[in-house]
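What follows is a short report on a single structure.
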Amino acid sequence: MNKESPTALEVILQRAELRGADVVEEVEELIELAPHETSLDFFRKIYHSIRQPMTRRMRAAEFALQFEHPKLGAIATASINGQDFASMLEKAILRSHKEAEVKQIEARAIERDD
């Protein structure tokens, strides 16, 4: 029984045949959009698909996050005595400059005879 040693390819094929059902072939899902769907719908389909690689699903979820859960912010508007905030601020700045001016002491020099 003089058999030649199997090639690397034959060894790989034999191992795959032995594993049979353990060999899982990953097939990526083809994602299609209807004409009315947006890019956000596309990202949602990707991160909901279990046939997409996890890294792709995570990136799609990250991009969609900012549109699904926007950041909350506050904007203040005020009107006091019929004046808006900008005009009140300008008046306060003018008042603060007046106080910053240094008043000079009015005095005459005294001449001394030494």
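Points to keep in mind about this one:
- Sole residue being at pLDDT below 75 and either in a helix (DSSP H, G or I) or under 25 Å from the mean Cα position of the chain (by Cα) (or both), chosen from Glu90, Glu26, Glu10: Glu10
- Test: residue in region 36-43 that is charged (D, E, K, R), surrounded by 10 or more Cβ atoms within 10 Å (Cβ to Cβ), part of a loop (DSSP other than H, G, I, E, B) and modelled with pLDDT under 90: yes
- Note on region 44-54: residues that are part of a loop (DSSP other than H, G, I, E, B) and either in contact with a helix residue (DSSP H, G or I) (Cβ under 9 Å, 6 or more places away or on another chain) or more than 10 Å from Glu29 (Cβ to Cβ) (or both) total 4.
- Residue in region 55-68 that is modelled with pLDDT of 80 or more, exposed (fewer than 12 other Cβ atoms within 10 Å of the Cβ) and not in a helix (DSSP H, G or I) present: no
- With respect to the conditions (1) surrounded by fewer than 12 Cβ atoms within 10 Å (Cβ to Cβ); (2) part of a loop (DSSP other than H, G, I, E, B); (3) modelled with pLDDT under 85, Ile31 lacks only one, and its number is (1).
The values are calculated or read from the model by the stated rules, or taken from the named source; none is laboratory data. In this text the structure is predicted, and so the values were computed from the model without any measurement. Using ideal geometry, Cβ is built from the backbone for each residue, glycine included, and neighbour counts are taken over all protein chains shown.
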